[in-house]
């Protein structure tokens with residue numbers, strides 16, 4: 001597994017929210033915008049890979065279960081693209097927390113967040129993920 005090299009973002013911190021449920025995506029987007037992040041959205045894995053390549057986000061919040069390619073495969077594809085290879089990834093899922101954490105240990109991701117979550121937990125995990133990159 002390739003571990004992203006540390007980097008400090010210049011300008012506004014860009015977060016790509018990848019979530020197929022529009023209500024959940026809107027919730028995540030609103031929270032992150034209130035916290036001062038520049039937010040982009042993708043509704044599926046293929047769109048996520050395209051947008052990530054175009055905007056080079058600092059962090060991707062990535063739903064695990066989506067139509068088409070799942071979040072784990074998206075994470076692998078992001079690592080293969082030199083533009084997104086160092087992007088920090090937060091996996092978000094309704095999968096039981098212990099299962100999510102166990103899988104994340106074997107994958108190219110930096111953090112996990114179990115659904116349901118609240119405003120503070122989302123912002124905290126994104127900030128911790130960015131701090132890890134500093």
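Computed from the coordinates by the stated procedures, all read-outs in this text should not be read as laboratory data. What you see is a predicted model; the values in this text were computed from it and never measured. Neighbour counts are summed over all protein chains in view; Cβ atoms, including those assigned to glycine, are modelled from backbone coordinates with ideal geometry.
Counting only DSSP beta bridges with both residues in the range 14-133, what percent are antiparallel, rounded to the nearest 5? Could the numbers behind the result be given before it?
Numbers: 0 of 18 bridges.
In the range 14-133, approximately 0 percent of DSSP beta bridges are antiparallel ones.
In terms of Cα atoms, the Rg and Dmax of the chain work out to 13.1, 36 Å.
Only helices enter this figure: runs of n ≥ 4 DSSP H residues, each worth -39500 (n - 2.57), summed and divided by the residues of the chain, yield -13500 deg cm²/dmol at 222 nm to the nearest 500.
With a 10 Å radius around each residue's Cβ, average the other Cβ atoms per peptide and rank 13-21, 79-87, highest first. Intermediate values should be presented prior to the final figure.
On the way: 13-21: 22.2, 79-87: 15.9.
Peptide ranking by packing, descending: 13-21, 79-87.
Take every Cα pair under 8 Å in the chain that's 6+ residues apart, average their separations, divide by the length, and report that relative contact order as a whole percent. Working shown, then result.
Numbers: 240 pairs, mean separation 34.6, N = 134.
Relative contact order of the chain: 26 percent.
Using only C-alpha positions, report the orientation-averaged shadow area of the convex hull of the range 81-120, nm², one decimal. Each step should come with its number before you reach the end.
On the way: hull surface 13.9 nm².
Mean projected area of the Cα convex hull: 3.5 nm².
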